[in-house]
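Working notes, beginning with the structure itself.
Derivation of every value follows stated rules applied to the coordinates shown; laboratory data play no part. From a predicted model like this one, the values you see are computed outputs, not experimental measurements. Cβ placement follows ideal geometry from the backbone for every residue including glycine, while neighbour counts extend to all protein chains displayed.
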Amino acid sequence: MEPTFRDYLATVSKRRWLLAVVLLLVVGSAAVATAATTPKYEAEAKLFVGQQQFAVSEVAEGVQAAQLSVQLLRSYAQILQTRPMAERAVEKEGIDISPAQLAHAIKAEPIPETQLIRLAYRSTDAAEAQLVVNTVSDVFTEEIQRLQKPTQGEPAIQVRVVEPALRPEEPVSPSAVRNLALALV
């Protein structure tokens, strides 16, 4: 005869103290691991990549500039993560991280359906995260202005910081609530 649901409940009832001890150990381990993990803070900025406004008589040029802008979003996001950008940022502010490490740690991604790039950096120091993102943003916009300097008028493509990084108040990791909830599962 196969065990019934009532048989399972009787077994669990007999061993409830063991289940409680295991649950406490798992949740306690998760709490200790979370408390021992160094908090990481993430700062982020948003950059706008836009084109000069064109008169109706210059529609063809406007369409080309719009297409170029879409392609440039991806390219600019990649350029933001390069060693030369990291070197300029480290040199400008004396950031205490190697350019190679910074280039690897900085994250830049185009925000879909917009002309914005999200630039982010994680650090164990909230002030450093903010400084790195804002410095890389500034160095990048300066470099684009230098490269796109037109012989006359405004450059066709412009990059502006529309939302500079603020000092993060709360760490992005570890997440005590998430860790403890996973331990309960």
Between GLN81 and residues 5 or more places away or on another chain, which pairs have amide H atoms under 5 Å apart, with H built 1.01 Å from N, and which residues are they?
-> none
Excluding ALA100 itself, calculate the net charge of residues whose Cβ lies under 15 Å from the Cβ of ALA100, where each Lys or Arg counts +1 and each Asp or Glu counts -1.
-> -1
Calculate one ³J(HN,Hα) per residue across the range 79-96 by plugging θ = phi - 60° into the Karplus curve 6.51 cos²θ - 1.76 cosθ + 1.60, and present them in order as whole Hz with x for glycine and proline.
-> 4, 4, 9, 8, 4, x, 5, 5, 4, 5, 5, 4, 5, 5, 10, x, 5, 8
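Using the Cβ atoms and a cut-off under 12 Å, what net charge is assigned to the surroundings of ASP125, where Lys and Arg are +1 and Asp and Glu are -1?
Working: positive: LYS40, ARG122, ARG167; negative: GLU42, ASP96, GLU128.
Overall, the nearby charge balance is 0.
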Describe numerically, in nm with one decimal, the distance between label points set 7 Å from Cα along Cα→Cβ at GLU143 and at SER13.
-> 7.0 nm
Along the range 104-112, what does the Karplus equation 6.51 cos²θ - 1.76 cosθ + 1.60 (θ = phi - 60°) give for ³J(HN,Hα), rounded to whole Hz, x for Gly and Pro?
-> 6, 8, 6, 10, 9, 8, x, 8, x
Total formal charge among the other residues, if their Cβ is under 12 angstrom from that of TYR8, Lys/Arg +1 and Asp/Glu -1 | +1
Residues whose placed amide H lies under 5 Å from that of GLU44, excluding near-sequence neighbours | LEU166
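Based on the Cβ-Cβ distance of LEU23 and ILE79, what FRET efficiency does E = 1/(1 + (r/R0)^6) give at R0 = 41 Å, to the nearest 0.05?
Values: r = 50 Å, r/R0 = 1.23.
Between LEU23 and ILE79 the formula returns 0.20.
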